[in-house]
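Taken together, the values in this text are just the output of simple stated rules run on the coordinates, not laboratory data. These figures come from a predicted structure and were not determined experimentally. Here the Cβ is made from the backbone with ideal geometry for all residues, glycine too, and neighbour counts use every protein chain on show.
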Amino acid sequence: MKQFSALIAAFFITGAIGFTMFSIGANALTNQNTIPVSNSPASASASVSSTQDATQTQLQQMQEIINQYQARDQQYQQQLNELIQQVNQGNAQVQAYQQLLLELQQRGVIIIQRDGTIRIPRG
C-alpha cells in the first residue's frame, strides 16, 4: 500500500511540474509584449562595425609599437657596431704593443721575466 501511494504521489508531482513547464512555454510563445533581441541583425552589424574599428585601432597601435621597436633595434645595432669597431681597434693596438715587445726582446733591449716584469739589462 505504501508503494502504491508513493507511486501516485510521484505521478501527481511529475504531472504538476510538467503542466507548469508547458504553461510557461505556451505563455512565452504567445506573449506579444517583448523587446528586440540584443543580437538582432541591425545591432549585430553595428556591433561588428564597432568591433572592426576597435580591431583596426589596436592594429595601428601594434604597428606603431613595432615601428618603435624596430627603430630602437637599429639604434642598438649601430651602437653595437661602433663598440665592435672600438674593440677591434683596441685589439690592433694590443697586437702592435706585443709585436714591439717581442722585437725589443729579440734584440736584447729588454728581458721579460716569467712573472711578467720587464727588465732592461745594463751595459
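Can you give the FRET efficiency for Ile65 and Thr14, using 1/(1 + (r/R0)^6), R0 = 41 Å, r = Cβ-Cβ distance, to the nearest 0.05?
Details: r = 62 Å, r/R0 = 1.52.
E between Ile65 and Thr14, to the nearest 0.05, is 0.10.
Using the basic label-point model (7 angstrom from Cα toward the beta carbon), what is the Ile110 to Leu80 distance in nanometres?
3.7
Just to be sure I understand: with springs between alpha-carbon atoms less than 10 Å apart, which residue in Gly90, Gly25, Gly108 has the highest mean-square fluctuation in the Gaussian network model of the chain?
The residue with the greatest mean-square fluctuation here is Gly25.
Could you check which residue among Gln75, Gln89, Gln113 shows the biggest mean-square fluctuation in a GNM of the chain with a 10 Å Cα cutoff?
Gln113
Can you give the convex hull volume per residue for the Cα atoms of the range 60-123, as a whole number of Å³?
Working: hull volume 5.8 nm³, N = 64.
Normalising the Cα hull of the range 60-123 by residue number yields 91 Å³.
Can you pull the semi-axes for the chain, root of five times each eigenvalue of the Cα gyration tensor, sorted largest first, whole Å?
Details: eigenvalues 1871, 191, 7 Å².
Equivalent-ellipsoid dimensions as semi-axes: 97, 31, 6 Å.
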